[in-house]
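FYI, it's all coordinate maths here, none of it is from the lab. Since this is a predicted model, take the numbers as computed values, not measurements. Cβ coordinates were reconstructed from backbone atoms using ideal geometry, including for glycine residues, and neighbour counts include every protein chain displayed.
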């Protein structure tokens, strides 16, 4: 059975304090690893797709990386507006996504 | 304006009533999905459809029903058989042309009392 686990569940950061979120996955035949940002009461917003180990993607203060067993979302010098829940999902055969439980990030000024 | 629309944003119902949530898209995506999200939890798949007039059960389909009569529309009915229907419901679409990311609508928050 496909499984995606995110850690930590919650993360409190001071503005400017860089950190990383972890996404561990057990998927047969990974087609893609996805990161989303979700603000309270809203639908998830697509951030990145990673397809193979060693791949990296960047967007502003966010950088996603992928190994054969896990993905990391690095937040560099975060600002309060980076506060959100970050969701990780993996896709195997059949096009469905399996989601992790998310990491709630709070960046304090 | 392109995208995915869900309506209504908030919905209140009494126990024992069926309720239908709307999801419409103009992205010309083939696949559509319904998820349920409970407070502090990830997304759980209810139903999905990859082609018109065909759909499959997800992990938590009991108490829900769907239809896919048009490519643009994938309504979800929450029936009275669903034991704990209060939740945030999210619709997503996916192009099946080479990439696999899903795009989400704004969600409907359903409260049943």
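Below, the figures for the structure above:
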| quantity | calculated |
| --- | --- |
| In nm, spacing of pseudo-spin labels at residue A:69 and residue B:86 (7 Å Cα→C-beta vector) | 4.1 nm |
| Theoretical gain in end-to-end length, residue B:59 to residue B:9 [0.36 nm per residue, Cα-Cα removed] | 15.6 nm |
| Spread of Cα-to-Cα distances over 5 Å intervals beginning at zero, given as percent, for segment B:37-103 | 3, 15, 25, 26, 18, 9, 3, 1 |
| Number of partner chain Cβ atoms within 10 Å, mean per residue of B:102-110 | 4 |
| Shielding by partners, peptide B:85-97 (average Cβ within 10 angstrom, other chains) | 1 |
| Residues listed by number, segment A:33-48, amide nitrogen under 17 Å from residue A:9 label point at 7 Å toward C-beta | none |
| Cubic angstrom per residue, convex hull over Cα atoms of chain A | 89 Å³ |
| For chain B, convex hull of alpha carbons as volume per residue, Å³ | 100 Å³ |
| The protein assembly as shown - Rg over Rh from alpha carbon coordinates, Kirkwood radius | 0.97 |
| Per-residue average of Cβ from other chains inside 10 Å of A:38-50 | 4 |
| Percentage relative contact order, segment A:2-99, counting C-alpha pairs under 8 Å, at least six apart | 35 percent |
| Neighbour-count ranking [beta-carbon atoms within 10 angstrom, fewest first] of A:99, B:74, A:72 | A:72, A:99, B:74 |
| Packing-based ranking, highest mean first, of B:54-66, A:34-46 given that Cβ atoms within 10 Å are counted | A:34-46, B:54-66 |
